[in-house]
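Here's the structure we're looking at; comments come further down.
The values are calculated or read from the model by the stated rules, or taken from the named source; none is laboratory data. These figures come from a predicted structure and were not determined experimentally. Ideal geometry is used to build each Cβ from the backbone, glycine not excepted, and the neighbour counts take in all protein chains shown.
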Amino acid sequence: MEEPTGEVAPGETGPDVTAVLSADHVAIRADLQALVEERRGADRRERMEQLGRELARHEVAEQEAVYPVLAQIESGREIREQALRQEREGALALARAMRRTSWRAGGRTTGDQLDQLAELLVKHIDFEDAHVVPLLRLRVDEEKRHMMGTWFTSAKAAAPTRPHPHAPQNLLGLLGTGPVLALADRMRDRLRALLRPRRRPSGAS
């Protein structure tokens, strides 16, 4: 199977990144709700693994397609830094929860840990819905948002999907494989070109 390239064919328009982010957030909320409500150990472990995969893919896509653009927007850098702090805190909680469910998925202690994880992740999602998504809609033009949406979905498709509970407590550390790094390099180049001021044709008045 061919690896996604993150390239956009001539004339092709990808999804608006704000719509993609919002849809991802809805899906993650649903996965979290299902996880905290699950009481059977084996099913809880399976849901935990599914959530870990989706969060890892979501984070690598944000790092490559969203945060570089935020850093170029007035007030966006501060929002980006706060979002990254929240992600680091969530990654630590996720690693702890994955370790816990990998060897003892049932019981009240595990349930309490999952409740804490859900609280942190919902706080982060709420922050992005309240600050990141509106800022992108306000300050990034439609063409760029659609390019970002294409890169976001391509990064998710290319990302490895099996984070390990004993890996480094940073989701991006779980994703540093060749195909993802190559895709990231291509997307960074495209983002830099997109953000660079366009030169007017010589001789234009």
Legend entry - Among residues of segment 52-64, those that are crowded, with 20+ Cβ neighbours inside 10 Å, over 18 Å from GLU128 (Cβ atoms) and either among the charged types (D, E, K, R) or in contact with a Phe, Trp or Tyr (Cβ under 9 Å, 6 or more places away or on another chain) (or both), counted: 0
Inset, instruction - Determine if segment 38-51 includes at least one residue that is surrounded by 14 or more Cβ atoms within 10 Å (Cβ to Cβ) and modelled with pLDDT of 95 or more. - result: no
Inset, instruction - Can you confirm whether segment 65-77 contains a residue that is modelled with pLDDT of 90 or more, of a type in the set (D, E, K, R), closer than 22 Å to LYS123 by Cβ and crowded, with 20+ Cβ neighbours inside 10 Å? - result: no
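Residue-wise test of (1) touching a residue at least 60 places away in the same chain (Cβ under 8 Å); (2) crowded, with 18+ Cβ neighbours inside 10 Å; (3) touching a helix residue (DSSP H, G or I) at 6+ places or on another chain (Cβ under 7 Å).
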| position | (1), (2), (3) |
| --- | --- |
| ASP115 | yes, no, yes |
| GLU119 | no, no, no |
| PHE127 | no, no, yes |
| ALA130 | no, no, no |
| PRO134 | no, no, no |
| LEU138 | no, no, no |
| LYS144 | yes, no, yes |
Inset, instruction - Could you list, in sequence order, all residues of segment 1-37 that are touching a Lys or Arg at 6+ places or on another chain (Cβ under 7 Å), modelled with pLDDT of 85 or more and in a loop (DSSP other than H, G, I, E, B)? - result: ASP16
